[in-house]
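Colleague: Take this structure first; my questions come after.
The values are calculated or read from the model by the stated rules, or taken from the named source; none is laboratory data. Because the structure is a prediction, the values reported are computed rather than measured. Neighbour counts are summed over all protein chains in view; Cβ atoms, including those assigned to glycine, are modelled from backbone coordinates with ideal geometry. Each accessible area value is taken on the protein alone, full model and side chains, heavy atoms only, with ligands, DNA and RNA left out. Shrake-Rupley method; radii C 1.70, N 1.55, O 1.52, S 1.80 Å.
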Amino acid sequence: MTGLIPLVSTTMCPEPQHVFQKLREEYGPVAPVELEPGINGWLVLGYQEILTVTRQEETFAADPANWSVYQDDRLAPDSQVRAMMSPYDNAFFTDGERHRRLRAPIDGGLGRIDQRQLRRAVTALCTGVIADFAGRGEADLVADYAAVIPVLAMADVFGMDAPQGRALYRGLLELYSWEGDAEAARQRVLGLAAEAVAARRAAPSEDLTSYLAHHPNLHSDAEIYDTILLLIVGANENGINWISQTLRLMLTDSRFGGRLRGGRLGVDDALDEVLWRDPPFSNVAGRYALKDTELGGQAIRRGDALILGLAAANADPRIHAGGGAAIEVGNRAHVSWSAGPHSCPARLPARLIVRTAVETALHRLPGVRLAIPPEEVVSVDSAWTRGPASLPVRFTPVSSPGSDQP
Ligand code: HEM
């Protein structure tokens, strides 16, 4: 496989649909791509093929220890795919019985979240974050807003106080900065999880930390801390992208602009449209073939990596009437939460956090509008997502009696 399209060209491009179409024409629903120089994988573009790969655990494993590149130690020390494609001890990277054991506390813990209480907490923290910049009349809705909300919301779910939430936010910034020592940053975030667990062991409460700290399926402190980290990281990256993509859509698309003043479509429609067209997790790494097999007409070899092209699969012409990519309002049959045993366990709380964040921003920033032409919004530098890197906006300044920001 030489001269392949780099995976990042499906995210860092103005029209991913054109790239998907080109790949489909050349290869069909499963296409070889370059993950980074010298390292290739398969991009699964077909909707049906995504369902096959995510549901057949006995053929396609989530544990990167099954990847031939990992086994042969071929990833460069500064590899940008290493963090997503190396084994870690949590549900995301495990299979079978072990995955079920680690996943059950996640499902149980997320299922116990009190939706009304979470909505109140998220509204309060969004209002506090906005109060910090509302007087300026301008802001970057990614850096100043979307980047902060999911982690603070999760800190609240974990029963952490405001300074702990801020420390968590700083820890995640370091973890994703590429500049410092990622492992040291990871250890610092795990340290915050450890502090929260120690506090709940001394004084149990009703929060998610207490639930996980006392769950019989989690057999060691390391498993508890890693599960907490997985939940926070999952919420953070995906939540930031979903909030900023939805705000971008609502600020740039006249169908939604009209709706803000009582028009036809609502925030939920914008949230759904983003899930279809620009899913927060565009490409998921991944699955690793446990045996030689065939998928979408391609011969997959044992040890090959498969990237779940969720954005591509949502646009698969075979699932859209007439072969186009038109989306009916209310249709949620996309694969943006993935499928099978690893599919996202947090659909309800994620939607609640993101919807609250979008509604609060639109409500609290009068006359909010994008400060640059829509085509100048650039995507973050990532092969996994194409969320906006920044969203500069202007609005009528609002004086506030003081910030209640945590
Ligand atoms: C409160 C916010 C969120 C939390 C706590 C969360 C948590 C998680 C966790 C724990 C997993 C691993 C599940 C497993 O491997 O069994 C996961 C996977 C995933 N999540 Fe979420 N998530 C959140 C938001 C989102 C959002 C907004 C999206 C995008 C719409 C999303 C999409 C996914 C996808 C695509 C996977 C991968 C599944 C796979 O490997 O097939 N998540 N999430």
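Colleague: Among the numbered criteria (1) open to solvent by less than 40 Å² (accessible area, probe 1.4 Å); (2) more than 16 Å from the ligand (Cβ to nearest atom); (3) not in a helix (DSSP H, G or I), which one does Thr360 miss?
Modeller: Answer for Thr360: the failing condition is (3).
Colleague: Further question on the same structure: Which condition does Gly96 not pass, out of (1) over 20 Å from the mean Cα position of the chain (by Cα); (2) at negative phi, if it passes all the others?
Modeller: (2)
Colleague: Is it fair to say Gly128 is closer than 27 Å to Asp207 by Cα, in contact (Cβ under 8 Å) with a residue 60 or more places away in the chain and touching a helix residue (DSSP H, G or I) at 6+ places or on another chain (Cβ under 7 Å)?
Modeller: Details: closer than 27 Å to Asp207 by Cα: yes; in contact (Cβ under 8 Å) with a residue 60 or more places away in the chain: yes; touching a helix residue (DSSP H, G or I) at 6+ places or on another chain (Cβ under 7 Å): no.
No; evaluated as a whole, the condition is false for this residue.
Colleague: Output the number of residues of region 363-402 satisfying the condition of being modelled with pLDDT under 95, surrounded by 15 or more Cβ atoms within 10 Å (Cβ to Cβ) and of a type in the set (S, T, N, Q).
Modeller: Result for region 363-402: 4.
Colleague: Given (1) at negative phi; (2) polar (S, T, N, Q); (3) modelled with pLDDT of 95 or more, identify the lone condition not met by Ser338.
Modeller: Here Ser338 clears every test but (1).
Colleague: Further question: So, of the residues in region 132-144 that are more than 16 Å from the ligand (Cβ to nearest atom) and touching a helix residue (DSSP H, G or I) at 6+ places or on another chain (Cβ under 7 Å), which turns out to be farthest from Gln115 (Cα to Cα)?
Modeller: Ala139
Colleague: Suppose the filter is touching a residue at least 40 places away in the same chain (Cβ under 8 Å), over 27 Å from Ile243 (Cβ atoms) and open to solvent by 70 Å² or more (accessible area, probe 1.4 Å); does Arg112 pass it?
Modeller: Answer is no for this residue.
Colleague: Shifting gears a bit: Go through region 345-357 residue by residue and tally those that are open to solvent by less than 40 Å² (accessible area, probe 1.4 Å) and within 8 Å of the ligand (Cβ to nearest atom).
Modeller: The number of residues fulfilling the criteria is 6.
Colleague: Follow-up. Taking region 270-298, which residues are within 13 Å of the ligand (Cβ to nearest atom) and among the polar types (S, T, N, Q)?
Modeller: Result: Ser282, Asn283.
Colleague: Mind checking which residues of region 170-212 are under 23 Å from the mean Cα position of the chain (by Cα), among the hydroxyl-bearing types (Ser, Thr, Tyr) and modelled with pLDDT of 95 or more?
Modeller: The one that is under 23 Å from the mean Cα position of the chain (by Cα), among the hydroxyl-bearing types (Ser, Thr, Tyr) and modelled with pLDDT of 95 or more: Thr209.
Colleague: Oh, and also: For region 67-74, state whether one or more residues are among the hydrophobic types (A, V, I, L, M, F, W, C), open to solvent by less than 40 Å² (accessible area, probe 1.4 Å) and in contact with a Gly (Cβ under 9 Å, 6 or more places away or on another chain).
Modeller: yes
Colleague: Kindly provide the set of residues from region 144-186 that are among the β-branched types (Val, Ile, Thr) and in a helix (DSSP H, G or I), ordered by number.
Modeller: Pass one, region 144-186, residues among the β-branched types (Val, Ile, Thr): 148-149, 151, 157.
Within region 144-186, Ile149, Val151, Val157 qualify.
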